[in-house]
Every structure is written in structure tokens, then in C-alpha cells.
Amino acid sequence: MVTTMSSRVESLASSGILSIPKEYIRPKEELTSIGNIFEEEMKEEGPQLPTIDLKDIESEDKEVREKCREALKKAAMEWGVMHIVNHGISTELMDRVRVAGQAFFDQPIEEKEKYANDQASGKIQGYGSKLANNASGQLEWEDYFFHLAYPEDKRDLSIWPKTPSDYIPATSEYAKELRGLATKILSVLSLGLGLEEDRLEKEVGGIEELLLQMKINYYPKCPQPELALGVEAHTDVSALTFILHNMVPGLQLFYNDKWVTAKCVPNSIVMHIGDTIEILSNGKYKSILHRGLVNKERVRISWAVFCEPPKEKIILKPLSETVSETEPPLFPPRTFSQHIEHKLFRRSQEALEKKSVLPN
């Protein structure tokens, strides 16, 4: 089934509806802590998402370098997500990526439909809207554009947007820069586990096999933001995820049994530790549960780049150095593909169970 224009969230949002269709209304238990996201972002009390300054990550001064790396390691172990600043990617390049992505979404829907994906036939790259992937039939308040961004020899430029003309150059350069940043981060995380510097990078596929998947998430204004979610609560399956956004708040993290709203930090990139690194580190680094909120006033756009290991080539399991008698392996061996299947199956099962106990 190819998704039709009428099922795009953007079409729905701009049609003048005052209430959202029932398939977008989340179950009651998911609606905790969904207040006005702009007010949530202003709150100063409670835990705050750490900001890690990478300026000294490769400093000549050992003490200065170690202090920076220790802060990164601590954030990865305690939160599994952080704002990173002084990451080495220019503000100009990040702005070009934002401008190009927004210009694509600013086009009429008819233009974007030329890039429509078709998930049912396995054509997942392109312009799309989330299909219900669980038994509850729930939908998320977002449209998106998805494609492989790196390595260059594996990408298919024919499905990248031709308009605006800077989309391909800006996104290509950004993906290349992020790939270098991923190597730096992975080496610090490796050393943090007492491993060789290049060990984690090898374990997730190395230069040739680690894939960078770009997903631009477009969250239209929502007439009933207190009932909807842009993205439902999940952990990322990736090794690392890097996120840019258009300075509209929406990210919430489930930390110490409470939802914490991430503030917008200028020129930062939000970085998540994904399931892949959590598994390899035997749970020492955290893959945090998070979700995306929507609002009435402003469109939110985020540019997520997922650094993923190859689907079948690698068996993901806790590295032997992270396991001991007192710390047995927390995860069974699985390929990346099997890990994704396991998560989808579990989510479907949970939704079915919820359905069976709900009154009709």
C-alpha cells in the first residue's frame, strides 16, 4: 500500500481540524508529563541533560584531555544522552543542513510525493509517514524523509531531494564530518571500558561497514498536543545517534523514573548512545528511553543521523572484557537485524496485551 497524500500528517494539520483523529490519540498511560513543551523547557528544577564540551577531547595536555574524556564517559554511563558543543562541525554547515532540509519540507506536498517511499514493498528510503507498526494501531504526529547518507559508495543519490540544490552537497559534507566525529566518540568510549582505542569502532563495522542513516523528522503544529506524540517512547537501536533540530523543544528523556525535557542549546548536537553500544558494553553505557512531543504554535524539525552496524555481518553481544562473575552478560547474542526484530515483536506483544485488557 502506497501512502496517499491525505494520510500525511502535514495535510491533516493544515486542513483546519480542531481535534486529532482517534488513531493519533495516545493511550492514557503514555500521556504523563505531557504539558506545554515551551513551559516544560523553561523549568529549572530537577535534573538537566548534561552538556559536554569536546574542545579538549584531543588536547596535547594529558590532564586536560582526560578531564574532557571523563565527562563524556560519565554522561554516557549516567544518562546515555547529552548535548555536545565544540564538536568541530561548523555552525555554517549545520545551518546549511537545516536550511536545505526545511526547504524540502516547505515544498508543496505534491512535490514531496515524488520521493514517496513504499514500506510495504521494502522501499524504506524517501518521503514517508509512520505506519502503525504495532497491534494498537497508534500513529505518530510526524512525516519524515529517510535515506542512507554514508559511506558514499553505498548511498543512492537518485532518491535524495534535488530541490533545494544545496541539499546533496550540504548533507554529504555533514555526514562525512559526523563520521569523523563518531570515530572520536567511539575511541573515548572504548578507552572508558579499558579497551583498545579502536575496539568499539571495529565491533560496529569499522570505516567500511558502519552506516549513517539520515532521518529528517517533520512535526507539524498539532491542535491537541497534550493527546499526541511526535515519536513514541523508544530507545535507539543504533550505536550512536546525532541530532540537530530547529531550536523548537520537544525531546524528553526518561531519567530516574521521570520525564525530563531537554533544553535547546545553541550550536549543540544532541548525541544518544544506542542499544548497540549498550549491548557491547554490557549495560555500562546507557541507551535511554526517549520520546518527541509536539505543540500548537511551531513546526518542529529534527535531523537524526543513526550510526548503525551492518544488519547481518556482526553478532552483537557483551564484549568479554565487560563480563565477569559478578557482572554476567545482560544481553543474548543477536545480529543487528535480529535485535530490531526482537524489539518490534516485543512492542507488538505488549500492545496486544494492552488491547486484551482494555474494555471494548
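Only the coordinates and a few stated rules stand behind these numbers; no lab work does. Remember, predicted model here, so these are calculated numbers, not experimental data. For neighbour counting, all protein chains shown are included, and Cβ atoms are generated from backbone atoms with ideal geometry for every residue, glycine included.
Some observations on this one:
- Helix axis angle, 91-106 relative to the chain longest principal axis, alpha carbon, degrees: 20 degrees
- Highest mean packing comes first when the peptides 17-26, 291-300 are listed by Cβ atoms within 10 Å, giving 291-300, 17-26.
- Each peptide in 176-182, 193-199 was scored by the mean count of other Cβ atoms within 10 Å over its residues; highest first, the order is 176-182, 193-199.
- Net charge contributed by nearby residues that have their C-beta within less than 9 Å of residue 246 (K/R +1, D/E -1): +3
- GNM flexibility winner over the chain from 128, 88, 192 (Cα, springs under 10 Å): 88
- Working ranking of peptides 149-158, 257-266, 203-212 by packing, defined as the average number of other Cβ atoms within 10 Å per residue, highest first, is 203-212, 257-266, 149-158.
- Of 286/311; 28/296; 258/343; 112/184; 130/284; 112/154, pairs whose Cα-Cα distance is over 25 Å: 112/184; 130/284
- Computed 3J(HN,Hα) for segment 140-149, one whole-Hz value per residue from the Karplus formula 6.51 cos²θ - 1.76 cosθ + 1.60 where θ = phi - 60°, is 10, 7, 7, 10, 7, 10, 10, 7, 6, 10, glycine and proline marked x.
- Amide H contacts of residue 251 (H built 1.01 Å from N, under 5 Å, at least 5 apart or other chain): 262, 293
- Residues considered: 336, 145, 254. Largest GNM mean-square fluctuation over the chain, using C-alpha springs under 10 Å, is found at 254.
- Principal-axis tilt of helix 167-192 within the chain, Cα atoms, nearest 10 degrees: 40 degrees
- Inter-centroid distance (Cα atoms) of segment 88-129 relative to segment 163-221, Å: 18 Å
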